[in-house]
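Trainee: Can you keep this structure in mind? I'll have questions shortly.
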């Protein structure tokens, strides 16, 4: 009883910290504005009061069209990556797995690269949304192939991982070939995309991100017992009356689709999906019902905090790099302090 | 009667024992045959790879040029023979030798890392060697060394030294706790991310031309390899490989799990640390010279295991041969397609190897990792 209460207290603490940082993050702009002022701007906008002068109009636009969706987007994307990483690590029973294990990020990068270098888009959309749509469609390809193989063959977690690796290499190779002829400026754009950033998130992208978080949470609520059982090993799961293959397939499809949405808006932000589940496991243990909510919140925390730092140091710092800089020392500390980290033998 | 039946039983048992032994020896012989076949194929492809350059020489002409150079034949400057000699001896031969050594090193590092960590996702770069080396390159570019002209040996040494930092950090940190494979892997991953992000911070400051150069190096390239760096690589790869091969029987035991391994007289923690250091030296030497060549280290051991099983005594040599063949073919492909020799070898490797790999995974559905 006290143990499960401890878990919920840990989750609650992280949640409160995340909320505080998000609230603060909204007021981090390139010109000085206090915390209270920035929230006044938001409240006034929500009440429908028109900004009276030029200065206020700029503030209103910067905060309401720039920072607010960006912070919300960062927390949603962080949440998606956290949950997806946790579920993926359960599915393939491997601490090195992350949301991109099936090859999503390299496929998405390929979609972006053919758009930027050859100008091919699947839907004839204007530049940016065509790019996003390209990334999304291509990122579904590896998952589709994996489903086809799973239907035809008996698949083990190791096999799924290896198929993912093969898909990743194939798409990366195509991307490299295309990049090889690219102009330096285009190359820089591609590299920026592959590091990932939340700067392009707008109000229009939030509903889809919110939808994928909701889908992931529904999956967790309906399947958490099955996932727990699956992580004990396939034989154990079968003898307890569940079908681990089916659970794994459902989880992987849902996770891949949701991750694809996140990736197409933000680029492939690494580190979060891999490390957040481990940090959460060290905080609350490996039970699915506690680990997945904790991963969601920790992911949101890490990405928002990294984005805030990146912005307060000035423009140009990619959020993926900042995430790793603040995340990895914390992670190493936890790893060596708390030893086996739930995976140990 | 009962005696009889006992005897027949014993006889039957002996027979089946014989069958078993015979089965073992046949499979061992088959494995040796596969090794022999791979070795012969490797030698032929290695020589053939030197025919792919601008000189249009045949297989035997290449051998002749090398033989003549070794026997000290001198040519008049700017004649056809002189050009042949310059191309083959100055470019193709060191490149072929480097590819050979690098492939062996990467395959050995990959196979042993996977056994060591008991994880099919592990590769030679798992403990962060590549990210350290990349940071080394970025640092040397930022402090003003030039990648293309002159300073290549300095850059190699700097990258090599940087590539050892993550491994050193892991070794220094791990004795305090019990170093389980997953802890080591995760520590390696965290350090890789840390170094990569430091790298990104440095690269934000450089212009896009330099970025392209650094980027080429980070995807692996054989075009800057010459005689000057070859001894360094051979030294590190040989030393590391000898250590790893010496330990390969103990690595086999490690796959039974730590408890069984220690009851059979192996100290898993020390074995892991020792192997990690050896692997870091091998990979550090290669990465320092040619950048981060992916795919071979991760995938060739799997391909070999799917065909001949997971005994490290066979996996390590077979994976080395297969890695050499793949890398030479990929390098030949790169040179044949582009005159300027700037297609990243990683791309060609994946294009050749990944479909074979995918086919093997799908066909061999009983692959036991």
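Here is a yes/no grid of residues against (1) surrounded by fewer than 16 Cβ atoms within 10 Å (Cβ to Cβ); (2) over 28 Å from residue B:310 (Cα atoms); (3) modelled with pLDDT of 80 or more; (4) within 14 Å of another protein chain (Cβ to nearest Cβ):
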residue	(1), (2), (3), (4)
B:217	no, yes, no, yes
B:227	yes, yes, yes, no
B:241	no, no, yes, no
B:245	no, no, yes, no
B:257	yes, no, no, yes
B:263	yes, no, yes, no
B:275	no, no, yes, no
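Trainee: In the stretch A:11-120, which helices (runs of 4 or more DSSP H) lie fully inside it and hold 3 or more residues that are surrounded by 17 or more Cβ atoms within 10 Å (Cβ to Cβ)?
Mentor: A:35-47, A:68-92, A:104-118
Trainee: Now for a separate question. Please specify each residue of the stretch B:124-157 satisfying the condition of being part of a helix (DSSP H, G or I), at pLDDT 85 or above and closer than 18 Å to residue B:279 by Cα.
Mentor: B:129, B:130, B:131, B:132, B:133, B:134
Table: residues versus (1) under 26 Å from residue A:111 (Cα atoms); (2) within 14 Å of another protein chain (Cβ to nearest Cβ); (3) surrounded by fewer than 24 Cβ atoms within 10 Å (Cβ to Cβ); (4) in contact with a strand residue (DSSP E or B) (Cβ under 7 Å, 6 or more places away or on another chain).
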{"residue": "A:244", "(1), (2), (3), (4)": "no, no, yes, no"}
{"residue": "A:248", "(1), (2), (3), (4)": "no, no, no, no"}
{"residue": "A:259", "(1), (2), (3), (4)": "yes, no, no, no"}
{"residue": "A:291", "(1), (2), (3), (4)": "no, no, no, no"}
{"residue": "A:296", "(1), (2), (3), (4)": "no, no, no, no"}
{"residue": "A:320", "(1), (2), (3), (4)": "yes, yes, no, no"}
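Trainee: Under 8 Å by Cβ, and 6 or more places apart or on different chains, what pairs join a residue from the stretch A:150-178 that is facing chain B (nearest Cβ under 7 Å) and surrounded by fewer than 19 Cβ atoms within 10 Å (Cβ to Cβ) with one that is outside any helix (DSSP H, G or I) and at pLDDT below 85?
Mentor: Between residues of the stretch A:150-178 that are facing chain B (nearest Cβ under 7 Å) and surrounded by fewer than 19 Cβ atoms within 10 Å (Cβ to Cβ) and residues that are outside any helix (DSSP H, G or I) and at pLDDT below 85, the close pairs are A:153/B:365; A:154/B:365; A:177/B:343.
Trainee: In a helix (DSSP H, G or I), over 30 Å from residue A:189 (Cβ atoms) and facing chain A (nearest Cβ under 10 Å) - does that describe any residue in the stretch B:164-171?
Mentor: Yes, because at least one residue in the stretch B:164-171 is in a helix (DSSP H, G or I), over 30 Å from residue A:189 (Cβ atoms) and facing chain A (nearest Cβ under 10 Å).
Trainee: Give all pairs with beta carbons closer than 9 Å in which a residue from the stretch A:201-229 that is within 17 Å of residue A:263 (Cβ to Cβ) meets a residue that is outside any helix (DSSP H, G or I); count only pairs at least 6 apart in sequence or on separate chains.
Mentor: A:209/A:201
The values are calculated or read from the model by the stated rules, or taken from the named source; none is laboratory data. Just so it is clear, the model here is predicted, and its values are computed rather than measured. Positions of Cβ are backbone-derived with ideal geometry, glycine not excepted, and every protein chain shown enters the neighbour counts.
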